[in-house]
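The values are calculated or read from the model by the stated rules, or taken from the named source; none is laboratory data. Just so we're clear, the structure is a prediction, and the values are computed from it rather than from any experiment. Counting neighbours? That spans all protein chains shown, and the Cβs are built from the backbone with ideal geometry, glycine included.
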Amino acid sequence: MRHYFITGTSSGIGKAYAEYILENEADSVVTGISRREGMSHLRFNHIALDLGNRESLLNFQFKVNQNATEVVLVNNAGYIGDIKRIGNASDLEILKLVDINISAVLVLTNKFIQQVNSSLNRIVLNIGSGAANYPIDAWTPYCSSKAAIEHFTACVANEQQVTNGSLIIKNISPGVVNTEMQAEIRKSNHTDFSRHEHFVNLHENGELKLECTFKDGLKYGKTVKYYENGKLQVEIRRVEGRHVSHFYLTVFLQSI
């Protein structure tokens, strides 16, 4: 059986992925890590944790179901922060973004490797963003944080190769989806954010896919990168059709 640990399960992609697993994998269990519970299920366990609280993060421990043969950590939680250009952004917002988007991912992955028995199949999936690959006006901390996690993923994969480790780690960018983060982006000030109108139009024109369910799929050009043995093995830049969103989040499990 699989035991999933998913951060950010109170809404958005994290909640949708947890619901999909519980609906379609009868022998899997999910531990959701978030400030708010967001859902209820017999095979779902919620751990209340603020990923921006360093003391709470440092005290966190992975408690794996005794029947699990495979354990999956999904670092999904993310924070867009202050949508303002550097020089106008809040220092506190920058620090909060770094804690949630970078520090929490590194610390949880570190604890995962330390605490989850290496005799089990261990997988880490980091939910990335296309923002890691190109600059976006007024998103400098967010873009930088996603670029950091993409490189972190490659570095850990390289360490596993050097040490003949069995951990599998991957970074996946699911693209623009209809989540609370998108709502925050639309609330930003157009004088601070030159692409404000673009994101408003995505919503108004119905171009935000997923809508917090894994049944409708994604359609538009997304990037998926898979790292095996420290090397980038395959990069898919455009996939279309039904259940593509589920594909992005589970094809790495099927390749084992």
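Mind checking which residues of the range 126-160 are farther than 24 Å from Phe5 by Cα and surrounded by fewer than 16 Cβ atoms within 10 Å (Cβ to Cβ)?
Asn133, Tyr134, Pro135, Ile136, Asp137
Anything in the range 100-115 that is within 25 Å of Gly12 (Cβ to Cβ) and buried (at least 16 other Cβ atoms within 10 Å of the Cβ)? List them, or say none.
Ile100, Asn101, Ile102, Ser103, Ala104, Val105, Val107, Leu108, Thr109, Lys111, Phe112
Which of the following residues is in contact (Cβ under 8 Å) with a residue 60 or more places away in the chain, assigned to a helix (DSSP H, G or I), within 13 Å of the chain's Cα centre (by Cα) and within 23 Å of Ser34 (Cβ to Cβ): Ile169, Ile149?
That would be Ile149, the only listed residue that is in contact (Cβ under 8 Å) with a residue 60 or more places away in the chain, assigned to a helix (DSSP H, G or I), within 13 Å of the chain's Cα centre (by Cα) and within 23 Å of Ser34 (Cβ to Cβ).
Given (1) in contact with a Leu (Cβ under 8 Å, 6 or more places away or on another chain); (2) charged (D, E, K, R); (3) surrounded by 18 or more Cβ atoms within 10 Å (Cβ to Cβ), identify the lone condition not met by Lys84.
With (1) in contact with a Leu (Cβ under 8 Å, 6 or more places away or on another chain); (2) charged (D, E, K, R); (3) surrounded by 18 or more Cβ atoms within 10 Å (Cβ to Cβ) applied to Lys84, the lone miss is (1).
Which ones in the range 166-179 are aliphatic (A, V, I, L, M) and either under 20 Å from Glu70 (Cα atoms) or at pLDDT 85 or above (or both)?
Within the range 166-179, Leu167, Ile168, Ile169, Ile172 meet the criteria.
Name the residues in the range 107-139 that are of a type in the set (Ser, Thr, Tyr), modelled with pLDDT of 90 or more and under 23 Å from Asp50 (Cα atoms), would you?
If the condition is that a residue be of a type in the set (Ser, Thr, Tyr), modelled with pLDDT of 90 or more and under 23 Å from Asp50 (Cα atoms), then Thr109 is the only one that fits.
Considering the range 128-163 alone, what residues qualify as being in contact with a Leu (Cβ under 8 Å, 6 or more places away or on another chain), among the hydrophobic types (A, V, I, L, M, F, W, C) and closer than 22 Å to Leu95 by Cα?
Once the filter is applied, which keeps residues that are in contact with a Leu (Cβ under 8 Å, 6 or more places away or on another chain), among the hydrophobic types (A, V, I, L, M, F, W, C) and closer than 22 Å to Leu95 by Cα, the range 128-163 yields only Phe152.
Which one of these is farther than 22 Å from Asn121 by Cβ, crowded, with 18+ Cβ neighbours inside 10 Å and of a type in the set (Asp, Glu): Glu55, Glu19, Glu37?
Every option except Glu19 fails the conditions.
Report whether or not Thr31 is modelled with pLDDT of 95 or more, polar (S, T, N, Q) and surrounded by 20 or more Cβ atoms within 10 Å (Cβ to Cβ).
So Thr31 fits the description; yes.
Give me the pairs, please: first residue somewhere in the range 18-47 and touching a residue at least 12 places away in the same chain (Cβ under 8 Å), second residue anywhere and of a type in the set (Asp, Glu), beta-carbon distance under 6 Å, and either six or more positions apart or on two chains.
If the second residue must be of a type in the set (Asp, Glu), the pairs left are Arg35/Asp50; His46/Glu37.
Which one of Thr163, Thr191 is modelled with pLDDT of 95 or more, surrounded by fewer than 20 Cβ atoms within 10 Å (Cβ to Cβ) and not small (Gly, Ala, Ser)?
Thr163
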